[in-house]
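Below is one structure, written out as structure tokens; comments come after it.
Where a number appears in this text, it was derived from the coordinates with a stated rule and is not lab data. Everything numeric here is computed off the predicted structure, so don't read it as measured data. Heads up, the Cβs are rebuilt from the backbone with ideal geometry, glycines too, and the neighbour counts pull from every protein chain shown.
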Amino acid sequence: MNVLCVYRSHRFSPNMVDNDARILNAVADKLQQRGYCVHRAYEEQLGEEIAEMPDIVYTMGREDGTLCILQELESQGKTLVVNSSSGIRNCERKRFTQILTDEDVPFPESRVFCSSDSVSWELFPCWLKKGEGYAEVADDVMYVQNREVLQEGIEQMRQRGIETLVISRHLEGDLIKCYGVKDTPFFYWHYASGGHSKFGLERMNGKEQGYAFSEVQLQQICNHAATVLGIDVYGGDCVIDKDGTIRMIDINDWPSFSCCREQAAETIVNNKQQKNDK
């Protein structure tokens, strides 16, 4: 069986390049140990690497060209792609904000709008985020405390050429990070303060209070979000308020799993082998 592992472009791994590479290396190594023919490539090399049709593609890629190539492979019906090209596209912020809201995933009050339009918003503090693509630099996500700062932030993003923005209400509570592989028992979570941070914005939620909540419900919410977005390998951020209410504030296709890498890699390999063999 031929397997292709596609690494994420460095620009989509801010402060996480090595960690993102390690999880895919762990998957590739396990496949090789089982006798699979494994090719590895960064997404910028993808067009050069598909000499023959792969049976499975494990991809962390996000470039539009990458997703178009993967979509073509999927359309031929002979290649299993994890995560799917459509699922990865759905993890663009403006898309997942709308999808999660429409599908009744617990999510903060949010709005998608054009940077050139006037916006009425009085729920402060809040978050202003780039709606197009994925966060690449710290300025793609801004914590906003009042209307003046909001307007300044909108103008800054507009001048950077960002046309679509998302604004979301800030949620008070314990911030936790979750990791899962859909359709498997594997699920892991930890408080945000106990892990690596891309931009250090987790500090806005302060010290965790250890609010009680249902871990079963947390996994159900995260798996539901992954299902409606169409991704199998995922990571998410959730906030737990003092009453134990859980709300998701972010989700992404294929995180680094740095705190649970070996178990995640084993689950990813076993899950997709089973599905491909059916």
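In the chain, what is the count of Lys pairs whose alpha carbons are under 23 Å apart, counting only pairs at least 8 residues apart or on separate chains?
Lysine pairs satisfying the spacing and distance rule in the chain number 26.
Run the quick spin-label model on D55 and E152: label points 7 Å from Cα toward the beta carbon, then report their separation in nm to one decimal.
If labels sit at D55 and E152, their model points lie 5.8 nm apart.
Can you compute the helix-only [θ] at 222 nm over the chain? Use -39500 (n - 2.57) per DSSP H run of at least 4 residues, normalise by all residues, nearest 500 deg cm²/dmol.
Values: 8 runs with 94 residues, N = 278.
For the chain, the value works out to -10500 deg cm²/dmol.
For region 136-196, just list the percent of Cα-Cα distances falling in each 10 Å bin from zero outward, please.
17, 33, 29, 19, 3
Can you compute the charge dipole magnitude of region 120-278 about its Cα centre, using +1 on each Lys and Arg Cβ and -1 on each Asp and Glu Cβ, nothing else charged? Give it in debye, rounded to the nearest 20.
Values: 17 positive and 24 negative charges, 38 e Å.
Computed about the Cα centre, the dipole is about 180 debye.
Cα-based Rg of the chain per 2.2 N^0.38 Å, rounded to two decimals?
For the chain, the normalised Cα radius of gyration comes out at 1.01.
May I ask you to list the trypsin sites (Lys or Arg not before Pro) in region 1-40 that are in a DSSP loop and have at most 13 other Cβ atoms within 10 Å of their Cβ?
R34
Checking the a/c ratio against 1.5 first, then a/b against b/c, what shape does the Cα gyration tensor give for region 109-169? Walk me through the numbers on the way to the answer.
On the way: a/c = 1.45, a/b = 1.33, b/c = 1.09.
Since a/c stays below 1.5, the shape of region 109-169 is classed as rounded.
Neighbouring Cβ atoms within 10 Å as the yardstick, rank I154, I99 fewest first.
On the way: I154 23, I99 18.
Fewest to most other Cβ atoms nearby, the residues stand as I99, I154.
Mind checking the full-extension length gain between R34 and Q217? Use 0.36 nm per residue of separation minus the Cα-Cα distance, one decimal, nm. It would help to have the intermediate numbers written out before the result.
On the way: separation 183, 0.36 × 183 = 65.88 nm, distance 3.51 nm.
My answer for the length gained is 62.4 nm.
Averaging over every viewing direction, what projected area does the convex hull of the Cα atoms of region 205-265 cover, in nm²? Spell out each step's value before the answer.
Working: hull surface 19.2 nm².
Its Cα hull, projected and averaged over all orientations, spans 4.8 nm².
Find the all-direction average of the projected area of the Cα convex hull for region 1-126, expressing the result in square nanometres with one decimal place.
Numbers: hull surface 42.5 nm².
Projected over every direction and averaged, the Cα hull of region 1-126 covers 10.6 nm².
For the chain, give me the percentage of DSSP beta bridges that are antiparallel, rounded to the nearest 5 percent. Please list the in-between numbers first.
Working: 34 of 47 bridges.
Bridges in the chain that DSSP calls antiparallel: roughly 70 percent.
How much length, in nm to one decimal, is gained on full extension between N15 and D243, taken as 0.36 nm per residue of separation minus their Cα-Cα distance?
Details: separation 228, 0.36 × 228 = 82.08 nm, distance 3.37 nm.
That pair, N15 and D243, stretches by 78.7 nm at full extension.
Which whole-number percent gives the relative contact order of region 2-85, counting Cα pairs below 8 Å spaced six or more residues apart? Write down the numbers at each step before the final one.
Values: 118 pairs, mean separation 31.6, N = 84.
Reported as a whole number, the value is 38 percent.
So, in nm, how far is label S120 from label Q98 when the simple model puts each one 7 Å beyond its Cα toward the Cβ?
So the two model labels end up 2.2 nm from each other.
Hey, got the dipole for the chain? About the Cα centre, +1 on K and R Cβ, -1 on D and E Cβ, debye to the nearest 20?
Roughly 340 debye for the chain.
Give me the net charge of K78's neighbourhood, meaning all other residues with Cβ under 12 Å from the Cβ of K78; Lys, Arg count +1, Asp, Glu -1.
Net of charged neighbours comes to -4.
How do S115, S86, S9 rank when sorted from fewest to most other Cβ atoms within 10 Å of their own Cβ?
Working: S115 21, S86 15, S9 18.
Going from least to most buried by this count: S86, S9, S115.
Let me check against my output: what whole-number percent is the relative contact order of region 69-136, with C-alpha pairs under 8 Å and at least 6 apart?
Values: 32 pairs, mean separation 21.6, N = 68.
Relative contact order of region 69-136: 32 percent.
Relative contact order for the chain: what is it in percent, counting Cα pairs under 8 Å that are at least 6 residues apart? Don't skip to the end; give the middle numbers.
On the way: 496 pairs, mean separation 58.2, N = 278.
Relative contact order for the chain comes out at 21 percent.
Going by how many other beta carbons lie within 10 Å of each one, how would you line up V3, V119, fewest first? Please list the in-between numbers first.
Values: V3 22, V119 15.
Listing V3, V119 from fewest to most nearby Cβ atoms yields V119, V3.
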